[in-house]
Amino acid sequence: YQPVHVVGGGLAGSEAAWQIAQSGVPVILHEMRKDDATGKVTTDAHQTDGLAEMVCSNSFRSDDWQFNAVGLLHAEMRKLGSLIMSCADQHQVPAGGALAVDRDGFSAEVTKRLSQHPLVTIVREEIAGLPPAEWDNVVVATGPLTSPALAQAILEMTGEGQLSFFDAIAPIIHFESINMDVAWRQSRYDKEGPGGDAAAYINCPMNKDQYEAFIDALLAGPKSEFKEWENVPYFDGCLPIEVMAERGRETLRHGPMKPVGLTNPRDPTVKSYAIVQLRQDNALGTLWNMVGFQTKLKHGVQAETFRMIPGLENAQFARLGGLHRNTFINSPKLLDKSLRMKAQPRLRFAGQVTGVEGYVESAAMGLLTGRFAAADRKGAPIDAPPPTTALGALVEHITGGHLEGGSFQPMNINYGLLPPLEAPKVDEDGKKIPLKERGRAKKRLMSLRALKDLETWMGA
Ligand code: FAD
């Protein structure tokens, strides 16, 4: 076979290269980081020239496949012979239920296994523009810090607005944890949304005391600092809420928390002082985002602060808010289900640049993209795993699981991305499951369904 080219030797590119080579197709891996006689080349976050360097935490998060979606993703990847999982298992350090690794040992192992693979060639070079036209099968896995020359070329190819350099993320909440005895559904001025829905939003009302206490908490809460290279320009429309609050105690009440055009059905005579709106975030309706609530508040205080909002007392967060430098494409518009660029099918994308978030999710997309690219090269294309698997759910998220017209934001794997199941009332032995344990039991059923469906997919 002619080789497949993989651009970027991070978490996703390393996994993609491995999967391609393991399927018997030669691969050339182009990684720009190097430390040789010509000097040191790196990104703003990487420190070494090792493949699959973990730039921050040394953890792949929970390894519990039964009750945790990222643990489930680990299990699925192990079944598919993941290089990243195998090297992580080999270099594990004690971390309770989490899979944490010795980052140097891990990266050295990934580098060694790829270097020693007879079908892998590693070239230390930057691809400083679109990959050459004669490369007919390419995986672009250049990550959140894609080099500027390549990012510019992608931007020119895809058009304005199709490539983001920052993510401004508002927290996302599991629907089942919202208290609908306090919150209610209504669109502002009952205006119909894209789907003709006049009750598209969930509204959480605040009186004056609650609003003032909330503003105090926002102002007092510790914020994460930007790194120097990360200095995010504050675009209109994505100011962090605490920055808005700093501009004046009333600013939020006239911005994202304005109470106009909404009536609390429980007592239409009482006017809310402020209202927080939630917007449906995925097609399944299991996840809702807090409209306009992008924030730099430290993760540790976000849940506590946002649970001050009436209706969100028990909110469970699928993801917390943030504002980071992050290069990612508008995948739902640009990519097909096998992660090929619709306008240039020779190019596939993998990793964080596709709009997944996290080491494991990035490697997972590398794994699938590598398999897709190799299968194409062998003339026997394959479909993505079903959306009931964690791998398939991620593909669904980045290629269309979000709502038409909604904004596309990077996301970690979580059970809210998988089609829901009824929480079981009895266990396998017919014993009644207490109410508070049913959520956990449901997760386990979803994990079991995922692994079974993955096996069926692998069989096919
Ligand atoms: P990367 O691992 O970054 O790999 C991309 C590779 O492409 C790099 O090696 C880069 O040198 C190379 N490259 C870029 N441009 C070119 C080019 N033009 N030609 C050739 N090579 C190129 N996730 C977590 O789960 N936990 C964390 O703690 C965490 N912390 C993060 C901290 C920071 C500062 C950032 C930016 C991200 C963090 N992430 C974290 C998010 C993300 O999961 C990781 O960045 C992850 O490494 C993404 O994997 P990737 O393969 O997509 O990109």
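The values are calculated or read from the model by the stated rules, or taken from the named source; none is laboratory data. In this text, all values refer to a predicted model and were calculated from it rather than measured experimentally. Counting neighbours? That spans all protein chains shown, and the Cβs are built from the backbone with ideal geometry, glycine included. To get the accessible areas, we keep the full protein, side chains included, count just its heavy atoms, and leave off ligands, DNA and RNA. Shrake-Rupley method; radii C 1.70, N 1.55, O 1.52, S 1.80 Å.
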- Task: Could you list which residues have their amide H under 5 Å from that of Val123, counting only those 5 or more apart in sequence or on another chain, with H placed in the peptide plane?
- Result: Leu29, His30, Glu31
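Can you check what the Kirkwood hydrodynamic radius comes to for region 107-215, Cα pairs only, in Å to one decimal? Each step should come with its number before you reach the end.
Values: mean 1/r = 0.0499 Å⁻¹.
After inverting the mean inverse Cα-Cα distance, the result is 20.0 Å.
Keeping the other protein chains in place, figure out the carbon and sulfur percent of the accessible area of region 250-373, with a 1.4 Å probe.
On the way: 2200 of 4140 Å².
After summing per-atom areas, the C and S share lands at 53 percent.
Explain nothing, just the number: relative contact order of the chain, from Cα pairs under 8 Å at least 6 residues apart, as a whole percent.
Numbers: 935 pairs, mean separation 95.5, N = 460.
Once normalised by length, the contact order is 21 percent.
For the pairs Lys191/Lys296; Lys112/Lys337; Lys208/Lys271, flag any whose C-alpha to C-alpha distance is greater than 21 Å.
Values: Lys191/Lys296 31 Å; Lys112/Lys337 32 Å; Lys208/Lys271 10 Å.
Correct reply: Lys191/Lys296; Lys112/Lys337.
Specify whether the C-alpha gyration tensor of region 18-116 places it in the rounded, prolate or oblate class, a ≥ b ≥ c being the square roots of the eigenvalues: rounded for a/c under 1.5, otherwise prolate if a/b is larger than b/c and oblate if not. Display every interim value, and only then the final one.
Working: a/c = 2.46, a/b = 1.40, b/c = 1.76.
Oblate, since a/c reaches 1.5 and b/c is not below a/b.
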- Query: Label points 7 Å out from Cα along the Cβ direction at Lys223 and Ala283: separation in nm?
  - Reply: 3.8
- For the charge dipole of region 275-428, defined by +1 on Lys and Arg C-beta atoms and -1 on Asp and Glu C-beta atoms about the Cα centroid, which residue among Leu287, Asn326, Leu347 has the Cα displaced farthest towards the positive pole? Leu347
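How high is the FRET efficiency from Val426 to Thr456, r the C-beta distance, R0 30 Å, rounded to 0.05?
Numbers: r = 26 Å, r/R0 = 0.87.
E between Val426 and Thr456, to the nearest 0.05, is 0.70.
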- Task: Return the carbon/sulfur percentage of the accessible area of region 150-230, one whole number, probe 1.4 Å, all protein chains in place.
- Result: 50
- Over region 288-359, give the accessible area per residue in Å² for a 1.4 Å probe, as an integer. 31
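Going by the alpha-carbon gyration tensor, a ≥ b ≥ c the square roots of its eigenvalues, is region 350-449 rounded (a/c under 1.5) or, if a/c is not under 1.5, prolate (a/b greater than b/c) versus oblate? Before the final figure, lay out each step's value.
Details: a/c = 2.71, a/b = 1.83, b/c = 1.48.
Taking the square roots of the gyration eigenvalues as a ≥ b ≥ c, region 350-449 is prolate.
I'd like the carbon and sulfur percentage of the solvent accessible area for region 1-82, probe radius 1.4 Å, heavy atoms only, ligands and nucleic acids excluded. Show your work: numbers first, answer last.
Details: 1440 of 2910 Å².
Percent of accessible area from carbon and sulfur atoms in region 1-82: 50.
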- Note on the structure: For region 279-331, the percent of all C-alpha pairs falling in each 10 Å bin, from 0 up to the bin holding the max distance, is 20, 49, 26, 4
- Item | Distribution of pairwise C-alpha distances over the chain, 20 Å bins, in % | 24, 54, 21, 1
- lysines near Lys431 by alpha-carbon distance under 29 Å, same-chain residues fewer than 8 away left out - which ones? Lys442, Lys443, Lys452
- Query: By its C-alpha gyration tensor, with a ≥ b ≥ c as the square roots of the eigenvalues, how is region 1-55 shaped: rounded for a/c under 1.5, else prolate for a/b larger than b/c, else oblate?
  - Reply: prolate
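Skip the ligands, DNA and RNA, and give the accessible area per residue of region 1-142 with a 1.4 Å probe, whole Å².
Working: 5650 Å² over 142 residues.
Here the per-residue accessible area is 40 Å².
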- Arranged from highest to lowest average of other beta-carbon atoms within 10 Å per residue, in what order do the peptides 85-98, 139-152 appear? 139-152, 85-98
- Message: In region 70-203, if the dipole is taken from +1 on Lys/Arg beta carbons and -1 on Asp/Glu beta carbons about the Cα centre, which of Ser115, Val138, Gln92 is farthest to the positive end?
- Response: Gln92
- Query: Can you give the charge dipole size of region 418-460 about its Cα centre, rounded to the nearest 20 debye, using +1 on the beta carbon of Lys and Arg and -1 on the beta carbon of Asp and Glu?
  - Reply: 300
- Query: Excluding same-chain residues fewer than 8 positions from Lys342, which lysines have a Cα within less than 17 Å of its Cα?
  - Reply: Lys333
